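Working notes for the structure below.
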Amino acid sequence: VPDALSTLKERLGRIADLSTARLVLEWDLQTMMPPGGAAARAEHLTTLEILTHELFTSDEVGNLLDELRPLEASLPHDDVDGCLLRVTRRDYEKATCVPTELAAEITHVTTEAHPVWVSARAGADWNAFRPWLERILELKLRYADCFPPGDDPYDVFLDDFEPGMRTADVRAIFDRLKPELVDLTLANSEAPAERFVGGPFPSEAQHAISLDVMRAFGADDGSFRLDPAVHPFCTSFSVSDVRLTTRYAEHDLTAHSLFSTMHEVGHGLYERGIDPSLERTPLGHGCSSALHESQSRLWENVIGRSLPFWRWFYPRMQAAHPEVLGSVPLERFHRTVNGVRPGLIRVDADETTYGLHIILRFELEQELLTGRLAPADVPAAWNARMADYLGVVVPDDGVGCLQDVHWSFGGFGYFPTYQLGNVISVQIWDRLREDVGDTDELIERGDFAPIHEWLRESLYRLGRMYTPEETIRRVAGGPIDPEPYLRYLRDKDASLAAA
Ligand code: ZN
């Protein structure tokens, strides 16, 4: 007779397989599926959601967890089985609060909302999307009602992406960042854009050098794929099957596929580096959205926009785009890819203005969820704050409040984790440099292996073994702290001004 722990692991393995099947269908939906597939895909995903939710919230799992309580209590804190029981119990307690029918309805409605959002964005038509947002908001408020009230109504949404973090913690960090980001933005807004920013950068050349940098960072061909998608993202179906997506903007250097590829490679290396023994368990993914984002930002920005990186990579970039970049000196190019330029689009934003895009969304989401802002008034509120924080005039909702996919899938609580990821990325980088030594010299030679290995050993391999807070302490040596990030931005600003 198998013991309770083996039985639980076997059940969790099946549940993980169903969840992975769902990820495959979602990857297909965003990369390959023709629009005609949307209605059927909503059924596929809803069925998988029902099966996964029923299996995981079953009495059988509950009974096994009860039976294993003494074992869990007897194991040391960092024992893998102990971690598995602790994390599974937390996930189980959350999942059992939500009725299967509600979980299924959320999946169904948000899957159907995806193509509506795509066409509303393309047509800059907020009113086409608004009824769907109203429906999704109503479902998410019912979802929130399933849980005991927290200190803040937004806590429950944040917890889905950043387990254990509270809205008040985020607000404290953002309150510290906001005035500094506004100052740094204002101090730089005069700089005109260089002509070469407009390209053209042919897609084939972008794809080729995206693959180049992906391999250099440590993404092995046997385990990674790179495909185009409207919204770049990364997903993984096992530690050795990682799917990255990117996009090709031919006339905008800041939206060059290289940056979105470096970003997604960071996510991919994290998933690739998880200890294979954690696969098919609740521990077999990255720890939280903010920790995940800390890795995409570390590879995209801290490394990928640094001068040492471009000392190494710029000749290849020039060779890929000889007409446009052939006569542009390295320093001018480097200054341009780091330029602080308030713009409309979050994913194309520089490191300084990026945070303001997030703070705006964090505020609007809280207002929407507490009823202080009606969905019909989102465009006006959005545009007013874009003018306020970034001095940007929004010409239409397609490049305004419809630009992001998140609300269409009910991902309230997701946006703040992006900026927390930026903050954490610098904390981790500072710690890494203490251990690895002269990273500038390594990067300038294109030797990323020691950096990758340190990150794998210190962070990636752990998966979800520890809470995000514990994981940040382990890898960065302290709690989340905005000061290193502000210092990093100010140093960069000063060195670019002096160059
Ligand atoms: Zn990301």
Worksheet, complete the sentence: For the stretch 393-421, the count of residues that are of a type outside the set (V, I, T), within 16 Å of the ligand (Cβ to nearest atom) and in a loop (DSSP other than H, G, I, E, B) equals 5
Item to complete: Could you check, for the stretch 373-385, whether at least one of its residues is of a type in the set (S, T, N, Q) and in a helix (DSSP H, G or I)?
Response: yes
Item to complete: Determine, yes or no, whether T235 is open to solvent by less than 30 Å² (accessible area, probe 1.4 Å) and at pLDDT 95 or above.
Response: yes
Worksheet item: Can you find even one residue in the stretch 374-384 that is surrounded by 18 or more Cβ atoms within 10 Å (Cβ to Cβ), β-branched (V, I, T) and under 23 Å from D160 (Cα atoms)?
Response: no
Worksheet entry | Cβ pairs under 7 Å, 6+ apart, first in the stretch 244-257 and open to solvent by less than 30 Å² (accessible area, probe 1.4 Å), second in a strand (DSSP E or B) and not β-branched (V, I, T) | L244/F224; L244/R225; L244/L226; L244/C234; T245/D227; T245/P228; T246/L226; T246/P228
Discussion item. Tell me whether the stretch 361-372 contains one or more residues that are out of contact with any Phe, Trp or Tyr (no Cβ under 6 Å at 6 or more places or on another chain) and basic (K, R).
Written reply: yes
Worksheet, complete the sentence: Exactly one of R243, R280 is of a type in the set (K, R), within 16 Å of the ligand (Cβ to nearest atom) and in contact with a helix residue (DSSP H, G or I) (Cβ under 9 Å, 6 or more places away or on another chain), and that residue is R243
Response to the item:
From the option list S306, S288, single residue qualifying as in contact with a Pro (Cβ under 8 Å, 6 or more places away or on another chain), modelled with pLDDT of 95 or more and more than 11 Å from the ligand (Cβ to nearest atom) is S288
Practice prompt. Determine whether the stretch 143-160 contains at least one residue that is open to solvent by 50 Å² or more (accessible area, probe 1.4 Å), assigned to a helix (DSSP H, G or I) and over 27 Å from I472 (Cβ atoms).
Written response: yes
Item to complete: Please verify whether the stretch 252-260 includes one or more residues that are over 27 Å from P482 (Cβ atoms), acidic (D, E) and at pLDDT below 95.
Response: yes
Worksheet item: Which ones in the stretch 97-116 are under 25 Å from the mean Cα position of the chain (by Cα) and either within 11 Å of A38 (Cα to Cα) or not hydrophobic (A, V, I, L, M, F, W, C) (or both)?
Response: E105, T107, H108, T110, T111, E112, A113, H114, P115, V116
Worksheet entry | Residue list for the stretch 61-82, filter: more than 14 Å from L12 (Cα to Cα) and touching a residue at least 60 places away in the same chain (Cβ under 8 Å) | E67, L68, L71, D78, V80
Worksheet item: What are the residue pairs meeting all of these: first residue in the stretch 259-280, first residue open to solvent by 10 Å² or more (accessible area, probe 1.4 Å), second residue of a type in the set (A, V, I, L, M) and within 12 Å of the ligand (Cβ to nearest atom), Cβ atoms under 8 Å, and 6 or more apart or on different chains?
Response: S260/V347; E264/L244; H267/L244
Discussion item. Please count how many residues of the stretch 195-226 are touching a residue at least 12 places away in the same chain (Cβ under 8 Å), open to solvent by 50 Å² or more (accessible area, probe 1.4 Å) and more than 28 Å from E453 (Cβ to Cβ).
Written reply: 2
Worksheet, complete the sentence: Checked the stretch 73-104 for anything open to solvent by 70 Å² or more (accessible area, probe 1.4 Å) and in contact with a Gly (Cβ under 7 Å, 6 or more places away or on another chain); matches are P76
Response to the item:
Counted residues in the stretch 438-467 being touching a residue at least 12 places away in the same chain (Cβ under 8 Å), away from the ligand (no atom under 16 Å from the Cβ) and outside any helix (DSSP H, G or I) come to 8
Worksheet entry | Criterion (in contact with a helix residue (DSSP H, G or I) (Cβ under 6 Å, 6 or more places away or on another chain) and either modelled with pLDDT of 95 or more or within 20 Å of M262 (Cα to Cα) (or both)) met by exactly one of E434, E457, E444, E469 | E444
Worksheet item: If we keep just the residues of the stretch 246-273 that are among the aliphatic types (A, V, I, L, M) and more than 12 Å from the ligand (Cβ to nearest atom), which is nearest to T471 (Cα to Cα)?
Response: L269
Worksheet item: For the stretch 105-124, which residues satisfy the criterion of being surrounded by fewer than 19 Cβ atoms within 10 Å (Cβ to Cβ) and polar (S, T, N, Q)?
Response: S119
Practice prompt. Report yes if S6 is open to solvent by 30 Å² or more (accessible area, probe 1.4 Å) and either more than 18 Å from R464 (Cα to Cα) or not in a helix (DSSP H, G or I) (or both), otherwise no.
Written response: yes
Worksheet item: Based on what the data block shows, is K94 modelled with pLDDT of 95 or more and under 21 Å from the mean Cα position of the chain (by Cα)?
Response: no
Worksheet entry | Selection count where residues are under 30 Å from E162 (Cβ atoms) and at pLDDT 95 or above, scope the stretch 309-340 | 1
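The values are calculated or read from the model by the stated rules, or taken from the named source; none is laboratory data. Owing to the predicted nature of the structure, the values given are computational and were not obtained by experimental measurement. FYI the Cβ positions are ideal-geometry reconstructions off the backbone, even for glycines, and counts take in every protein chain you see. Side chains included, ligands, DNA and RNA excluded: accessible areas come from the protein's heavy atoms. Shrake-Rupley method; radii C 1.70, N 1.55, O 1.52, S 1.80 Å.
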